[in-house]
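The values are calculated or read from the model by the stated rules, or taken from the named source; none is laboratory data. The shown structure was predicted, so the numbers you read here are calculated from the model rather than taken from an experiment. In this analysis, Cβ positions are derived from the backbone assuming ideal geometry, glycine residues included, and neighbour counts consider all displayed protein chains.
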């Protein structure tokens, strides 16, 4: 049987750090001091220490030059202009990080992109072909507006491509610019979302060459009863997120009833877990449902703390954490899980496979560099 492998991952975030800047700005555009204090308390408990943005200045007074000038937040058209202006450079940065780990772009046959925070055409796929010098006959797939679970959907798509064509080498790019969708006059759930989401990009190679994470199986679960609890809507003032406070409890309830999805990983203390870091409560729910150890939940918590929730890119940052910290001398079972609008749960079983010395990536000469902490 032909297997596909997630061989390598490169990641990138914008230079702008927005967590403290955003918290400091709250009193200037939210008139209710009690609400400001509540939002700051939520941020303090969120487990997020930093978030990144493509914006130079997030919120400011009229005439300040901030993207969100108080009383005059930009419309959806302007937000999409900034997406088009900034997304290609961030994607290139992530791909260059992938190249630095031994991946040769001249061998890429397919390009898969996931993004739910911006659109234009000709799109990011065409821009990447131009900027990276990829062959013009690269097969392109754009997965849009699926939300946080699209990271797993991108891997499933790459898996299908490789199993159909073992010579395929698939570049998967997960790019999200969540900071472009702040809304001034918003209900509580949208304001809370603005405390969690951030910008980032991951670039990955999926191929039939053994090494990295073997993609074993994929499953999808849809809870139509909870479909209205998580929504992502296009409105005049950007894209609007609805996040019901019951989501973590509903996820916990579902996972506690689930049997068989992660049979080969549950209960194994050596199993690897790639969990979408949607928020501290989400991670607590998954840990409780599967009785995970602190070590197993740690990669997702580190990504959440350092970057916040980058939607579809987040789980790939978790995979990078696993790739850098997993001992290379033994195979290990693994499970991945992500959530999104629907309410949808996407799951994947995988197996860590030690790299073959002398392969095009993670060979003996580059292992030390790859395993060292990112700068």
How many residues does the stretch 200-222 hold that are more than 29 Å from residue 89 (Cβ to Cβ) and buried (at least 22 other Cβ atoms within 10 Å of the Cβ)? 2
Could you tell me whether the stretch 177-199 includes any residue that is buried (at least 20 other Cβ atoms within 10 Å of the Cβ), within 30 Å of residue 355 (Cβ to Cβ), in the same structural domain as residue 126 (by TED's automatic domain parsing) and touching a residue at least 12 places away in the same chain (Cβ under 8 Å)? no
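Here is a list: 36, 13. Which entry is surrounded by 12 or more Cβ atoms within 10 Å (Cβ to Cβ) and closer than 15 Å to residue 307 by Cα? Working first, answer last.
Values: 36 fails: closer than 15 Å to residue 307 by Cα.
Only one candidate qualifies: 13.
Mind telling me which of the residues 158, 100, 94, 164 ends up being surrounded by fewer than 19 Cβ atoms within 10 Å (Cβ to Cβ), touching a strand residue (DSSP E or B) at 6+ places or on another chain (Cβ under 9 Å) and either in contact (Cβ under 8 Å) with a residue 40 or more places away in the chain or outside the structural domain of residue 236 (by TED's automatic domain parsing) (or both)? Spell out how you get there, then give the answer.
Details: 158 fails: surrounded by fewer than 19 Cβ atoms within 10 Å (Cβ to Cβ); 94 fails: surrounded by fewer than 19 Cβ atoms within 10 Å (Cβ to Cβ); 164 fails: touching a strand residue (DSSP E or B) at 6+ places or on another chain (Cβ under 9 Å).
Sole residue among the options that is surrounded by fewer than 19 Cβ atoms within 10 Å (Cβ to Cβ), touching a strand residue (DSSP E or B) at 6+ places or on another chain (Cβ under 9 Å) and either in contact (Cβ under 8 Å) with a residue 40 or more places away in the chain or outside the structural domain of residue 236 (by TED's automatic domain parsing) (or both): 100.
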Sole exception among (1) assigned to a helix (DSSP H, G or I); (2) surrounded by 12 or more Cβ atoms within 10 Å (Cβ to Cβ); (3) free of Cβ contacts under 8 Å to residues at least 60 places away in the same chain for residue 44, by number: (2)
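If you go through the stretch 16-33 one residue at a time, how many are under 30 Å from residue 102 (Cα atoms) and exposed (fewer than 12 other Cβ atoms within 10 Å of the Cβ)? Steps first, answer last, please.
First pass over the stretch 16-33, keeping only residues under 30 Å from residue 102 (Cα atoms): 16-17.
When the remaining residues are screened for being exposed (fewer than 12 other Cβ atoms within 10 Å of the Cβ), the result is none.
Within the stretch 16-33, residues that are under 30 Å from residue 102 (Cα atoms) and exposed (fewer than 12 other Cβ atoms within 10 Å of the Cβ) number 0.
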If you take the residues in the stretch 52-80 that are at pLDDT 95 or above and farther than 22 Å from residue 185 by Cβ, which one is surrounded by the most Cβ atoms within 10 Å (Cβ to Cβ)? 52
Quick test for you: out of 171, 134, 205, 215, pick the one residue that is outside any strand (DSSP E or B) and either farther than 26 Å from residue 307 by Cα or touching a residue at least 60 places away in the same chain (Cβ under 8 Å) (or both). 134
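Quick check: is even one residue across the stretch 83-91 touching a helix residue (DSSP H, G or I) at 6+ places or on another chain (Cβ under 8 Å), assigned by TED's automatic domain parsing to the domain that holds residue 155 and closer than 25 Å to residue 195 by Cβ? Steps first, answer last, please.
Initial filter on the stretch 83-91 (touching a helix residue (DSSP H, G or I) at 6+ places or on another chain (Cβ under 8 Å)): 83, 87-88, 91.
Keeping just the survivors that are assigned by TED's automatic domain parsing to the domain that holds residue 155 gives 83, 87-88, 91.
If we keep only those that are closer than 25 Å to residue 195 by Cβ as well, we get 83, 87.
Yes: one or more hits.
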